[in-house]
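Structure record follows, encoded as structure tokens.
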Amino acid sequence: MTFHTHEELDVTVVAVAPVGYRVDAQGSPGFIDQVKHPSFRDPDTAPPTVGDTLHVVVLDPDRDPPRFSALEADIDIARRLRGAP
């Protein structure tokens, strides 16, 4: 699947590592760095586990695998840049 910068989508966590989360994005692999999930900054937020569905925004579609963010701030920025409500 081809992703586009600032695109929003839902992904499923397929593996958890010390540095982040490998995800399945509609049949294609992706990665969320640990600092791009709310649990990194908020001790009251649980980190994702395998099988969890996350709403994310595409940060870098050209990396292998593409990089996503689950931070609300990044999603809001992407919406503003896209002109979305």
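The values are calculated or read from the model by the stated rules, or taken from the named source; none is laboratory data. This is a predicted model, so every value here is computed, not measured. Here the Cβ positions follow ideal geometry from the backbone for every residue, glycine too, while neighbour counts run over all protein chains shown. Remember, those area values only see protein heavy atoms, side chains included, never the ligands or the DNA or RNA. Shrake-Rupley method; radii C 1.70, N 1.55, O 1.52, S 1.80 Å.
For the chain, give the magnitude of the charge dipole about the Cα centre (Cβ charges: +1 Lys/Arg, -1 Asp/Glu; no others), in debye to the nearest 20.
Computed charge dipole of the chain: roughly 140 debye.
Go ahead and estimate [θ] at 222 nm for the chain from helices alone: -39,500 (n - 2.57) per DSSP H run with n ≥ 4, summed, over the residue count, rounded to 500.
About -4000 deg cm²/dmol.
Please give, to one decimal in nm, the separation of the simple spin-label points placed at Thr45 and Thr2, each 7 Å out from Cα toward the Cβ.
For the pair Thr45/Thr2, the computed spacing is 3.2 nm.
Using Cα pairs under 8 angstrom and six or more residues apart, how large is the relative contact order of the chain, in percent?
33
Under a Cβ-Cβ cut-off of 13 Å, what is the net charge of the residues other than Val35 that fall near it, where Lys and Arg count +1 and Asp and Glu count -1?
0
Within 14 Å, Cβ to Cβ, of Ala15, how many net charges do the neighbouring residues add up to if Lys/Arg are +1 and Asp/Glu are -1?
Residues close to Ala15 contribute a combined charge of -2.
Could you check the spin-label model distance between Thr53 and Asp24? Points 7 Å from the Cα along Cα→Cβ, value in nm.
1.3
Using DSSP to define loop residues, name the GluC sites (Glu not before Pro) in the chain whose beta-carbon has at most 12 other beta-carbon atoms within 10 Å.
Passing both the DSSP loop test and the Cβ count: no residue.
Counting only protein heavy atoms, what percent of the accessible surface of the range 26-85 is carbon or sulfur at a 1.4 Å probe?
Carbon with sulfur: 52 percent of the solvent-accessible area.
Would you work out if the chain is rounded, prolate or oblate? Take a ≥ b ≥ c from the square roots of the eigenvalues of the alpha-carbon gyration tensor; rounded if a/c is under 1.5, else prolate when a/b is larger than b/c, oblate otherwise.
Since a/c reaches 1.5 but b/c is at least a/b, the shape of the chain is classed as oblate.
Give me the accessible area per residue for the chain, probe 1.4 Å, as a whole number in Å².
58
Contour minus end-to-end for Asp64 and Leu9, with contour as 0.36 nm per residue of separation and end-to-end as the Cα-Cα distance?
Length difference between fully extended and current span is 18.0 nm.
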